[in-house]
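Everything below concerns the one structure shown next.
Just so you know, all these numbers are worked out from the coordinates, no wet-lab data involved. Quick caveat: nothing in here was measured; it's all calculated off a predicted structure. Heads up, the Cβs are rebuilt from the backbone with ideal geometry, glycines too, and the neighbour counts pull from every protein chain shown.
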Amino acid sequence: MLVTITERDHLEEEGSVVTPEFEKAAERAESRRGFFLALPAYAYLIVFFALPLAIVFVYSFATRNRFGGTDLSGWNLEAYRKLGEPIVRNIILRSVWLALLNTAICLALGYPFAYYLATRRPLVRNVLIILVMIPFWANFLVRNYAWRVLLGKDGFVSNVFEFVGLGSREYLFTSTAVMIGLVYGFLPFMVLPLYASVERIDDSYLEASRDLYASGWQTFRKVLLPLSMPGVVAGSILVFVPSLGAYVTPEILGGAKTTLLGSYIVTQFLTARNWPVGASLSFVLMAVMGAALIVYFRKGGRNL
Amino acid sequence: MTAAVEITGITKRFDDVFAVDSMDLTIDDGEFFALLGPSGCGKTTTLRMIAGLEFPTMGSLKIFGDEVGTLPPNKRPVNTVFQNYALFPHMSVEQNIAFGLKMQKVPRRQIADRVAEAIKLVRLETLERRKPDQMSGGQQQRVALARALVNHPKVLLLDEPLGALDLKLRQEMQLELKHLQREVGITFVFVTHDQEEALTMSDRIGVMNHGELLQVGTPEEIYEHPVNRFVADFIGQTNLLAGTVESSDTLCLANGVRIHADSDLEVGSRAAFCLRPERASVHPQGTVDGGRESLDGRLSEVTYLGNSIIYTVALDWMSLEVRTENHPGEERPQVGDEITVSWRSGAGSVVAE
């Protein structure tokens, strides 16, 4: 940076009249300074993100040999073809379904709450936002184990059901348990962008809508919801993308019958020692997420 | 004839602040009525109560004879032009204007016709497909008007609709609004803090301060016969000379000088003499005709305004402003001259403190 500053001084000394050359040089110096500032981040991303990603990409075209190793020769699309097999396909479908369901539930629970938040006075609002954030202060793993206790045999949930006379119920190791855990874990990611988006909407739009004969519901459908769409899209992507690849929650709360993508990828790498399939699946998953993000930015989600 | 809006004993309390305090007001059908006052005087709250955006703490509110005080805004036959227009940013001009009709389930064919008619009324042809953020402030203002008027409301409420426009455009729109109101024949209730705007546009004005309606009258009544110091001061330029009422036609000013001024205030009560700058004139001392009231002073400032000249005259205890037409070539008193300010008896009025 020091270099560029002296460079500029030098340019200024040369002549007092501003010329297009001077302007161009100044712009170049400006962009060079920006690049130097971003350099550490670039270096980090290349070493720890781009390179590993490239390795995964390369491995997805490799072949698993008989000893569980990976031969980096004889490149083929076998690993991708495997993704079409019923077992894998079912896992993908189940994961997508669960992620969609999770997104829908979070949206249904999160929207009214975000609206409630946005319409409180500042003090109440801040307290409530902190309450939404508090779960983040506890370890994710610990929180999932807590649900295991709550949902397990003789756990709180089961006891409540028994108490109100519905008989003992056990949800642990079912899709329901996974669903509860996912909604619990991802709800804040839905609430915060929704809140940010709803909070920014001027009250007068809603008043104008009511003044123009819209009922409360119509005002929501025709004015509030469309105007808060950036928040809806942002929240949905923030919930959908990570829950599609969720690993910890399904692993702790789900049973063997509910294997999801995350667990399957781990199994491929560690247990089955089939790195190409694990790699290809990871890559497809990432492509889906990438697509979702493009949709998000297209939808004008600059305001997160 | 039923009144367009009939407000009886309306009070609006926010926590322990009375935004509007037991107000009575009747607005006639077809009237252009302005609610005028400084910010925070309760005028906007009053308008919002008529719209249904705020519910009165108590009192009765009738629109064309029907009690509406407890109805939500979508159940009232009124529409509002909001201060910042509040045009829906995700809808085109056409969609914005059609919104109210769609919500009322007006048949599609009729909607198209009425929207086209409204667009023509405010001269926005060719801009139907624009989004609000692609339009100038003046155009947005027209869209907001069309969006409200297309519903044929019984009363149109306007909340400082010209506040966001620059001076030139504002003056244009003042006239346009007035013409529009005559054309559609709908009762307009207009909120403003700009006294000039209120005087220019309205049939009648209600002046408010601290949640109270102080005076209701035609622009002329309010300008010529303000009820108290606040109204006199708020409407137009004025000199207010404090004093005490001595009899029904004498006021004793603060410096002990007595002047002739009719008033119906109680003898002995504190009052002020309201003298508009353009109603007085300045003369060299000792040259005042009989039959005129006068006060002596010294000329302390002359402000040249082109079409008129303002003389600031220092009296013993306060200073007065006198505004005269500018007659080129006429000899003018100089700063420092001993002069007399005079006015025709009856040119000023006595107002309560």
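Partner shielding of B:83-91 amounts to 5, given as the average count of beta-carbon atoms from other chains within 10 Å of each residue beta-carbon.
Once the Cα atoms are used to define both axes, helix B:108-121 deviates from the longest principal axis of chain B by about 30 degrees. Rounded to the nearest Hz, the phi-derived 3J(HN,Hα) couplings of segment A:58-75 under the Karplus curve 6.51 cos²θ - 1.76 cosθ + 1.60 (θ = phi - 60°) are 5, 5, 5, 9, 8, 10, 7, 8, 5, 9, x, x, 10, 8, 8, 7, x, 4, where x marks glycine and proline. Rounded to the nearest 20 debye, the dipole magnitude of the protein assembly as shown is 5440 debye, with +1 charges on Lys and Arg beta carbons, -1 on Asp and Glu beta carbons, and the Cα centre as origin.
The string of couplings for segment B:94-100 from the Karplus curve (6.51, -1.76, 1.60, θ = phi - 60°) is 4, 5, 4, 5, 6, 3, x Hz, one whole number per residue in order, with x for Gly and Pro.
Projecting the Cα positions of A:Val178, A:Ala279, A:Ala214 onto the charge dipole of chain A (unit charges on Cβ atoms of Lys, Arg, Asp and Glu, taken about the Cα centre) puts A:Val178 furthest along the positive direction.
So how do A:Met289, B:Met208, B:Met173 line up by other beta-carbon neighbours within 10 Å, fewest first?
A:Met289, B:Met173, B:Met208
With labels modelled as points extended 7 Å from the Cα through the Cβ direction, what inter-label distance (nm, one decimal) is found for A:Ile130 paired with A:Val17? Once both label points are built, they end up 6.4 nm from each other.
Mind listing the long-range amide H neighbours of B:Leu158? Cut-off is under 5 Å, sequence gap 5 or more, other chains count too, H placed in the peptide plane at 1.01 Å from N. It is B:Val81, B:Val189, B:Phe190, B:Val191, by chain and number.
Relative contact order of segment B:97-204, taken over Cα pairs closer than 8 Å and 6 or more residues apart, is 26 percent. The convex hull drawn around the Cα atoms of segment A:82-298, when projected onto a plane and averaged over every direction, covers 15.4 nm². Charges were assigned to the Cβ only: +1 to each Lys and Arg, -1 to each Asp and Glu. The resulting dipole of segment A:82-298 about its Cα centre is roughly 280 debye.
In order along segment B:54-62, the phi-based Karplus estimate (6.51 cos²θ - 1.76 cosθ + 1.60, θ = phi - 60°) of 3J(HN,Hα) comes to 9, 9, x, 5, 7, x, 10, 9, 10 Hz; Gly and Pro are listed as x.
The relative contact order of segment A:82-298, computed from alpha carbon pairs under 8 Å that lie at least 6 residues apart in sequence, is 28 percent. Measuring between their Cα centroids, segment B:252-317 and segment B:129-164 lie 45 Å from each other. Under the convention that each Lys and Arg Cβ holds +1 and each Asp and Glu Cβ holds -1, the size of the dipole of segment B:5-44 around its Cα centre is about 220 debye. Build a GNM of chain A with springs between Cα atoms under 10 Å apart, and of A:Tyr205, A:Tyr184, A:Tyr115 the one that fluctuates most is A:Tyr205. In plain terms, the C-alpha convex hull of chain B casts an average shadow of 22.1 nm² when viewed from every direction.
Pull up all non-local amide H partners of A:Thr63: gap of 5 or more, or a different chain, and H-to-H distance under 5 Å with H placed in the peptide plane. Hits under the 5 Å cutoff: A:Asp71, A:Ser73. Rounded to two decimals, the Cα radius of gyration of the protein assembly as shown over 2.2 N^0.38 Å is 1.44.
Taking a threshold of 31 Å on the Cα-Cα distance, which of the pairs B:Lys105/B:Lys131; B:Lys43/B:Lys105; B:Lys12/B:Lys120; B:Lys105/B:Lys168; B:Lys43/B:Lys178 fall above it?
Checking Cα-Cα distances, B:Lys43/B:Lys105; B:Lys12/B:Lys120; B:Lys105/B:Lys168 exceed 31 Å.
Ranked for footprinting exposure by Cβ neighbours inside 10 Å, fewest first, B:Met23, B:Met58 give B:Met58, B:Met23. Taking each DSSP H run with n ≥ 4 as -39500 (n - 2.57) and averaging over every residue of chain A yields -22500 deg cm²/dmol at 222 nm.
Within straight-line reach of A:Lys257, meaning a Cα separation under 26 Å, sit the following lysines at least 8 residues removed in sequence or on another chain: A:Lys82, A:Lys153.
Below 13 angstrom from the Cβ of A:Leu260, what's the summed charge of the other residues (Lys, Arg +1; Asp, Glu -1)? Each step should come with its number before you reach the end.
Values: positive: A:Arg94, A:Lys257; negative: A:Glu251.
Taking every Cβ under 13 Å from that of A:Leu260, the sum is +1.
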